[in-house]
Amino acid sequence: MGIRLGIIGAGGIGQVHAKAAVAAGQTVVAVADVNREAAGRLAAMLDEMQPQERLAHGCLIHDSASLLLADDSIDAAIVCVPNRWHRELAIEAMQAGKDVLLEL
Ligand SMILES: NC(=O)c1ccc[n+]([C@@H]2O[C@H](COP(=O)([O-])OP(=O)(O)OC[C@H]3O[C@@H](n4cnc5c(N)ncnc54)[C@H](O)[C@@H]3O)[C@@H](O)[C@H]2O)c1
């Protein structure tokens, strides 16, 4: 099972981080994006990549970071949104008790 991750931002970099996390044996349990279709596409890709025994009900889809961060079962968030949102979302994630990874 490894670390239970949530990915915030399902664009190009979100996909890169999602693939890297799965390849490293971690589990992406949820994806959030203000564009729900983008979140859905990445969640569907993750459902293909992750063994079902790791995530019986599939990767969750949220249309806001706050909903993902409210999930106590998530250990850490990877913030993959444009730079102008980094500070606000990283602080919100840490206040929710998550470890945070973000890249400029
Ligand atoms: N380290 C690197 O080499 C590197 C390279 C490229 C990008 N980045 C970082 O990744 C960021 C994203 O790049 P990208 O190419 O994936 O961009 P992108 O436009 O493909 O994806 C960004 C996604 O974030 C979503 N989003 C925007 N604001 C949001 C919010 N407040 N809450 C939830 N979702 C939100 C958008 O809907 C979009 O799907 C960059 O701004 C930069 O910070 C790092």
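The values are calculated or read from the model by the stated rules, or taken from the named source; none is laboratory data. Predicted model only: the values in this text are computed from it and were never measured. Neighbour counts run over all protein chains shown; Cβ positions are idealised from the backbone, glycine included.
Within the range 85-104, how many residues turn out to be under 15 Å from Ile3 (Cα atoms), among the charged types (D, E, K, R) and surrounded by fewer than 19 Cβ atoms within 10 Å (Cβ to Cβ)? Please lay out each step first, then the result.
To start, the set of residues in the range 85-104 that are under 15 Å from Ile3 (Cα atoms) comprises 97-101.
Within this subset, residues satisfying the condition of being among the charged types (D, E, K, R) are 98-99.
Add one more test, that the residue is surrounded by fewer than 19 Cβ atoms within 10 Å (Cβ to Cβ), and what stays is 99.
Number satisfying all stated conditions: 1.
Run down Ser73, Ser66 and say which single residue is among the polar types (S, T, N, Q) and at pLDDT 95 or above.
Details: Ser73 fails: at pLDDT 95 or above.
When all the criteria are applied, what remains is Ser66.
Filter the range 12-38 down to the residues that are near the ligand (Cβ under 8 Å from one of its atoms) and in contact with a Leu (Cβ under 9 Å, 6 or more places away or on another chain), then identify the one that is farthest from Ser66 (Cα to Cα).
Checking each candidate, the answer is Gln15.
Take the residues of the range 89-104 that are outside any helix (DSSP H, G or I) and within 8 Å of the ligand (Cβ to nearest atom): which is farthest from the chain's Cα centre (by Cα)?
Looking at the filtered set, the residue picked out is Leu104.
Considering each of Val34, Val22 in turn, give the residue that is touching a helix residue (DSSP H, G or I) at 6+ places or on another chain (Cβ under 9 Å), surrounded by fewer than 16 Cβ atoms within 10 Å (Cβ to Cβ) and aliphatic (A, V, I, L, M).
Numbers: Val22 fails: surrounded by fewer than 16 Cβ atoms within 10 Å (Cβ to Cβ).
One residue alone meets the criteria, Val34.
May I ask you to verify whether Met49 is in contact with a helix residue (DSSP H, G or I) (Cβ under 6 Å, 6 or more places away or on another chain) and at pLDDT below 95?
Details: in contact with a helix residue (DSSP H, G or I) (Cβ under 6 Å, 6 or more places away or on another chain): yes; at pLDDT below 95: yes.
Answer is yes for this residue.
Name every residue in the range 69-88 that is in contact with a His (Cβ under 8 Å, 6 or more places away or on another chain) and more than 9 Å from the ligand (Cβ to nearest atom), in order of residue number. Walk me through it before giving the result.
First, pick out the residues of the range 69-88 that are in contact with a His (Cβ under 8 Å, 6 or more places away or on another chain): 78-80.
Scanning the range 69-88 gives a single hit, Ile78.
Leu5 passes all but one of (1) farther than 18 Å from His86 by Cα; (2) more than 9 Å from the ligand (Cβ to nearest atom); which number fails?
Leu5 satisfies all of (1) farther than 18 Å from His86 by Cα; (2) more than 9 Å from the ligand (Cβ to nearest atom) except (1).
Taking the range 64-84 only, how many residues are surrounded by 14 or more Cβ atoms within 10 Å (Cβ to Cβ) and in contact (Cβ under 8 Å) with a residue 40 or more places away in the chain?
12
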